[in-house]
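In what follows, a single structure is set out as structure tokens and then discussed.
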Amino acid sequence: MYLQENEILQFYREAFPDVARYIHRRGGTQEDAKDIFHDAFLVFLERKAKGTLAIYSSPRAYIAGIAKILWLHRQQRIDTSQLPEEVAAYTEDNALSQAQPVMNYLQMAGEKCLQLLKTFYYDNLSMQDIAARFGFSGPRSATVQKFKCLEKIRNQIKFKTGAYAE
Amino acid sequence: MRNELIETERIDNYLLKKSSPAETKLFEMDLLLDSSLFEKTEKQKLVHRFVRIFHRRLRRKQLENLHHYLMRQPDFKKTIDLIFT
């Protein structure tokens, strides 16, 4: 489920001070608090959009909990293998983004492809909704276009021994 | 849909866990036997991650803007400044 911008603003306003207090108590700066909070908030937003968010208390407590884990991980007080699955996936993607020219691969696909792939793989919208939003005749033709975009990027990736490069 | 797109769809269904248990088992057998399918699957998995990373960066920029907006609100700024003083 998608959050509206005003809901995001409200969440931010309520949840950030908790994280800021925690980071400050553990010797972090305001900049650290903001960075950690953004990471935790992104984990929350992505899980929510994907429909895989498991909250046992409140969204605010969930974000604070993820922020604590991310801070401990950054301080190397917990190992990657100890991270919950959603946090581990997030930190692995961040590491990959620093090692790979992600933009080079994606930009070649063009803006429309990027938007199309985003709405499916990041925003988790249905092909029905995507077809309507992008003006396709129906979900099937939107699906075909989505796979063409995917192939365009995939076919640029060349593996080297033990790694991959452009 | 041309054959290659059908294969791309099959890979996606596997990666997104949309295949049935029988299809998954068959796909995993094919992965062992077909190195080209294996390579395409690995690359497709990377594309999923690249898309996620790219849009996460955009989302992060939005959060930065939101942060600056809130820090221009006197009440919010005061709350945060008090924490760090």
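When the gyration tensor of chain B is built from Cα positions, what are the square roots of 5 times its three eigenvalues, in whole Å, from largest to smallest?
Values: eigenvalues 445, 34, 24 Å².
Working from the Cα gyration tensor, I get semi-axes of 47, 13, 11 Å.
When you look at the Cβ of every residue in B:56-64, what mean number of other chain Cβ atoms sits within 10 Å?
So the per-residue partner count for this stretch is 5.
What accessible area per residue, rounded to a whole number of Å², is obtained for chain B using a probe radius of 1.4 Å?
61
Provide, as a two-decimal number, the C-alpha radius of gyration of the protein assembly as shown over 2.2 N^0.38 Å, N being how many residues it has.
Compared with the compact-globule rule of thumb, the protein assembly as shown sits at 1.13.
Just checking the output field for A:12-21: average partner chain Cβ neighbours within 10 Å of each residue's Cβ?
Across the residues of A:12-21, the mean count of other-chain Cβ atoms within 10 Å is 4.
May I ask you to give the solvent-accessible area per residue for chain A, in square angstrom, as obtained with a 1.4 angstrom probe?
Value returned for chain A: 50 Å² of accessible area per residue.
Taking all protein chains together and a probe of 1.4 Å, list A:Tyr62, A:Tyr90 from the most accessible to the least accessible.
Result, largest first: A:Tyr62, A:Tyr90.
Run the 1.4 Å probe and let me know the accessible area of B:His67, rounded to the nearest 10 Å².
Here the accessible area works out near 10 Å².
With all protein chains present, how much of the accessible area of segment A:20-166 (probe radius 1.4 Å) comes from carbon and sulfur, to the nearest whole percent? Kindly include the intermediate steps, with their values, before the conclusion.
Numbers: 3550 of 7300 Å².
C and S atoms contribute 49 percent here.
Under 8 Å for C-alpha pairs, at least 6 residues apart: give me the relative contact order for chain A, rounded to a whole percent.
Over chain A, the number comes to 17 percent.
Quick check: at a probe of 1.4 Å, how many percent of the accessible area of segment B:1-72 sits on carbon and sulfur atoms?
Result for segment B:1-72: 55 percent of the exposed heavy-atom area is carbon or sulfur.
Could you give each residue of segment B:68-83 its phi-based ³J(HN,Hα) in whole Hz, using Karplus coefficients 6.51, -1.76, 1.60 with θ = phi - 60°, and x for Gly or Pro?
Each residue of segment B:68-83 in turn: 5, 4, 5, 6, 8, 8, x, 5, 5, 4, 4, 4, 6, 4, 5, 5 Hz.
Using a probe radius of 1.4 Å on protein heavy atoms only, what is the accessible area buried between chains A and B, both sides summed, to the nearest 100 Å²?
Rounded to the nearest hundred, the buried surface is 4900 Å².
What value in Å³ per residue do you get for the convex hull of the alpha-carbon atoms in segment A:88-166? It would help to have the intermediate numbers written out before the result.
Details: hull volume 7.9 nm³, N = 79.
Convex hull of Cα atoms, per residue: 100 Å³.
I'd like the residues of segment A:117-131 whose 1.4 Å-probe accessible area shrinks by no less than 50 Å² going from the isolated chain to the full set of protein chains.
Hits at the 50 Å² cut-off: A:Tyr121, A:Tyr122.
The values are calculated or read from the model by the stated rules, or taken from the named source; none is laboratory data. Predicted model, so just to flag it, every value in this text is computed and none were measured. Every residue, glycine as well, gets a Cβ built from its backbone with ideal geometry; the counts of neighbours run over all protein chains shown. All accessible areas refer to the heavy atoms of the entire protein, side chains included, with ligands and DNA or RNA removed. Shrake-Rupley method; radii C 1.70, N 1.55, O 1.52, S 1.80 Å.
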